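Below: the structure, in structure tokens.
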There are 2 protein chains.
Amino acid sequence: MSNVTHDVIGVGAAIVDIIARVDDAVLDEQGLSKGAMTLVDEAGSAAIYDALGETTERSGGSGANTIAALGALGRSTAFIGKRRDDEFGDIFAHDIRATGTAFDVPAATTGEATARCLVMVTPDAERTMATYLGVSGDLGPDDINADAVSGAGILYLEGYLWDKPDAKDAFRRASEIAHGAGRKVALSLSDAFCVDRHRESFREIVAGEIDILFANESELLSLYETEDFDAAIEAVAKEVAIAAVTRGPDGAVIVSGDERIAVPAQPVAALVDTTGAGDLFAAGFLNGIATGQPLATCGAMGCAAANVVIQILGARCTDALKAKFAIEDWG
Amino acid sequence: MSNVTHDVIGVGAAIVDIIARVDDAVLDEQGLSKGAMTLVDEAGSAAIYDALGETTERSGGSGANTIAALGALGRSTAFIGKRRDDEFGDIFAHDIRATGTAFDVPAATTGEATARCLVMVTPDAERTMATYLGVSGDLGPDDINADAVSGAGILYLEGYLWDKPDAKDAFRRASEIAHGAGRKVALSLSDAFCVDRHRESFREIVAGEIDILFANESELLSLYETEDFDAAIEAVAKEVAIAAVTRGPDGAVIVSGDERIAVPAQPVAALVDTTGAGDLFAAGFLNGIATGQPLATCGAMGCAAANVVIQILGARCTDALKAKFAIEDWG
């Protein structure tokens with residue numbers, strides 16, 4: 001196994017978030033399932049956008065958020081994702097590079113626009129998303145840079161792109177390359193409805209190719225089609241080397257072989273917006289893995305990073321994250 | 001004088017802000033004058049952008065911020081400004097319409113891109129701006145909708161566009177129409193360096209056409225080329241019916257004929273970003289004028305609105321502004 005050129009390389013959607021505070025009635029009117037990610041086409045995205053009040057735009061994308069946070073924490077990172085040569089594409093590229101992340105994929109000059117995610121934050125700080133994947137869903141096996149993937153210690157894949165067959169093939173290709181080079185492959189299940197749509201192929205890849213799995217409680221239950229959390233934990237323990245299962249305000253459970261480590265969530269002074277909580281948990285956790293921490297510390301780092309992002313609007317929180325990790329005592 | 005169709009119509013630049021927190025060193029490296037607005041071309045904007053960390057995008061534009069806030073406060077508003085048919089143009093149009101503001105100018109299909117303003121916020125919460133005016137500077141007399149201007153109770157002009165000859169002609173045309181219909185014309189001086197570049201024509205329009213003038217202390221001193229604040233106040237009192245002069249943490253002075261009303265600034269719990277302080281002061285003040293309040297109350301409303309915007313990032317603060325004005329006692 002050759003030297004590591006990056007600690008973590010992510011493959012996912014290159015997205016800009018359009019964030020709006022909304023009342024619950026807006027979700028009902030637009031037929032959106034609260035707390036979930038709904039895929040929409042360009043016209044559907046425009047129709048919902050028209051119904052929103054003033055917005056804030058910030059770079060997003062689940063896997064990209066994780067990689068950006070890892071970059072902010074000082075890890076060596078790279079990202080593979082597809083954008084157009086439009087203004088949102090420029091924003092995405094600028095912001096991920098600003099975290100020190102290598103992002104070498106050229107902007108597409110044809111095809112659909114850069115992906116956008118309408119992030120609707122209700123007064124309870126829950127976020128509901130409507131995503132227009134645009135050109136980001138055109139990511140295919142040819143976009144996978146074999147040298148970059150084989151040189152990275154960990155390959156990180158986001159489940160959201162599972163809805164796109166080409167992207168799924170890209171993930172499989174990246175996974176093959178990573179394993180061929182003796183690297184670890186991590187996957188985030190992303191969304192319970194997404195798991196529901198693609199359960200069979202998720203089950204197959206989790207069992208066959210994933211070393212580190214990230215899921216929240218509902219995603220894990222959906223994956224194993226059970227309502228029994230303990231049964232789901234036992235099932236996942238048999239399939240992956242490490243599973244990190246988040247439980248919102250109840251923290252996380254880290255599962256590895258016979259180990260079950262409960263990690264408490266940190267107290268929240270002011271819950272603002274849950275967008276990116278899972279993405280940042282994964283970042284904190286992988287930060288621990290990449291720096292050789294024991295699993296309990298990895299879990300604590302995950303909870304610390306999630307704690308930061310839910311107290312700001314949006315999913316990018318570089319400054320606050322650096323400040324938090326600079327003072328935290330992981331003892 | 002026919003009925004008022006809008007309380008206030010604004011004419012200004014249609015801009016999207018790209019907001020970044022920076023250290024003071026970045027301003028020095030980029031040769032930017034702290035606290036000021038520097039005009040840059042597209043390449044200059046891109047070069048500074050490359051030097052910034054992660055950013056947040058929000059609709060901006062000085063006059064547009066004022067009009068959007070007036071819309072949020074329940075006034076009937078309209079805006080005239082030029083944007084392209086690009087993503088930033090869509091964001092600008094969406095956000096100003098989301099405040100209830102009529103914005104009927106079609107997006108330009110040729111010419112430069114929609115304007116963008118790089119807003120760099122230093123740790124002291126001061127903002128320094130580098131603006132690429134793009135297509136917004138092509139605003140000309142033909143873009144002025146005579147019916148809309150003559151139907152609005154107050155015409156509000158932003159000084160920033162004074163750098164563009166066509167836009168200046170558009171302002172003069174709008175002012176003529178407004179006065180012809182017996183309406184009031186308000187102007188914000190916007191920036192001391194901008195006043196310095198165009199002192200003669202600002203002096204001419206202030207003396208000849210402006211009913212309500214907004215300026216901060218340094219802009220007023222620059223306009224009258226004096227270092228004596230009292231002398232500047234006496235000078236402006238002779239030229240406009242009402243002048244509202246802001247003094248940062250010292251509040252504002254409202255000048256009208258022989259009246260001098262000192263209005264204190266409201267206490268600030270957490271100063272975040274001074275972007276939009278002047279724009280929001282103007283919004284609060286004009287909200288008072290449009291609702292027939294005495295000048296002291298207009299000034300208090302201006303200080304209240306400014307107080308809201310300096311405690312958030314960016315210049316659009318609809319929800320917080322509505323909340324503030326819902327509970328405030330103007331007695």
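Where a number appears in this text, it was derived from the coordinates with a stated rule and is not lab data. All of these numbers come straight from a predicted model, not from anything done at the bench. All Cβ positions, glycine included, derive from the backbone under ideal geometry; neighbour counts span all protein chains shown.
Write down the radius of gyration of chain A and its Dmax, each obtained from C-alpha positions, in Å.
18.1, 55
Considering the dipole of chain A built from charges on the beta carbon (Lys and Arg +1, Asp and Glu -1) around the Cα centre, which of A:Tyr224, A:Ile91, A:Ala304 is farthest to its positive end?
So the residue furthest toward the plus end is A:Ala304.
Can you give the Rg to Rh ratio for the protein assembly as shown, taking only C-alpha atoms and Rh from Kirkwood?
Ratio of gyration radius to Kirkwood radius for the protein assembly as shown: 1.02.
So what's the net charge close to A:Asp273: Lys and Arg +1, Asp and Glu -1, counting the other residues with Cβ under 9 Å from its Cβ?
Taking every Cβ under 9 Å from that of A:Asp273, the sum is +1.
Using bins 10 angstrom wide from zero, how does P(r) for the range A:220-266 break down, in % of all Cα pairs?
Histogramming the range A:220-266 at 10 Å steps yields 29, 56, 15 percent.
Percent relative contact order of chain B, based on C-alpha pairs within less than 8 angstrom and at least six residues apart?
Answer for chain B is 18 percent.
Tally the DSSP beta bridges in the range B:6-326 and give the antiparallel ones as a percent, rounded to 5.
DSSP beta bridges in the range B:6-326 are roughly 35 percent antiparallel.
Testing the spin-label approximation: label points 7 Å from Cα along Cα→Cβ at A:His179 and B:Ala51. State their distance in nm.
With each label placed 7 Å out from Cα toward Cβ, I get 4.8 nm.
Roughly how far apart, in whole Å, are the Cα centres of the range A:115-182 and the range B:219-274?
That distance is 54 Å.
Send over the per residue convex hull volume for the range A:98-220, Cα only, as a whole number of Å³.
136
Could you derive backbone 3J(HN,Hα) for the range B:218-230 from the dihedral phi with the Karplus parameters 6.51, -1.76 and 1.60 (θ = phi - 60°), listing whole Hz in sequence and x where the residue is Gly or Pro?
These are the phi-based 3J(HN,Hα) values: 5, 5, 5, 4, 5, 4, 9, 6, 9, 9, 9, 4, 4 Hz.
Give me the Å³ per residue figure for the convex hull around the C-alpha atoms of the range B:1-160.
Considering the Cα atoms of the range B:1-160, their hull volume per residue is 112 Å³.
Which value in deg cm²/dmol, rounded to the nearest 500, describes the helix-derived mean residue ellipticity at 222 nm for chain B, given -39,500 (n - 2.57) per DSSP H run of n ≥ 4 and division by the residue count?
On the way: 13 runs with 132 residues, N = 331.
That comes out to -12000 deg cm²/dmol.
Starting from the Cα of A:Ser256, step 7 Å toward the Cβ, then list every residue of the range A:229-244 with an amide N under 12 Å from that point.
A:241-244, by backbone N distance to the label point.
Please compute one quarter of the surface area of the Cα convex hull for the range B:146-290 and express it in square nanometres. Display every interim value, and only then the final one.
Values: hull surface 35.6 nm².
Over every viewing direction, the Cα hull of the range B:146-290 projects on average to 8.9 nm².
Over the protein assembly as shown, what is the percentage of antiparallel beta bridges among all DSSP beta bridges, to the nearest 5?
That works out to approximately 40 percent antiparallel.
When we measure straight from the Cα of B:Lys164, which lysines land under 17 angstrom away, once same-chain ones fewer than 8 places off are left out?
B:Lys82
If the only charges are +1 at each Lys and Arg Cβ and -1 at each Asp and Glu Cβ, what is the size of the charge dipole of the protein assembly as shown around the Cα centre, to the nearest 20 debye?
In total the dipole reaches around 360 debye.
Summing Lys, Arg as +1 and Asp, Glu as -1, what charge do residues with Cβ under 12 Å from the Cβ of B:Asp166 carry, B:Asp166 excluded?
For residues surrounding B:Asp166, the net value is 0.
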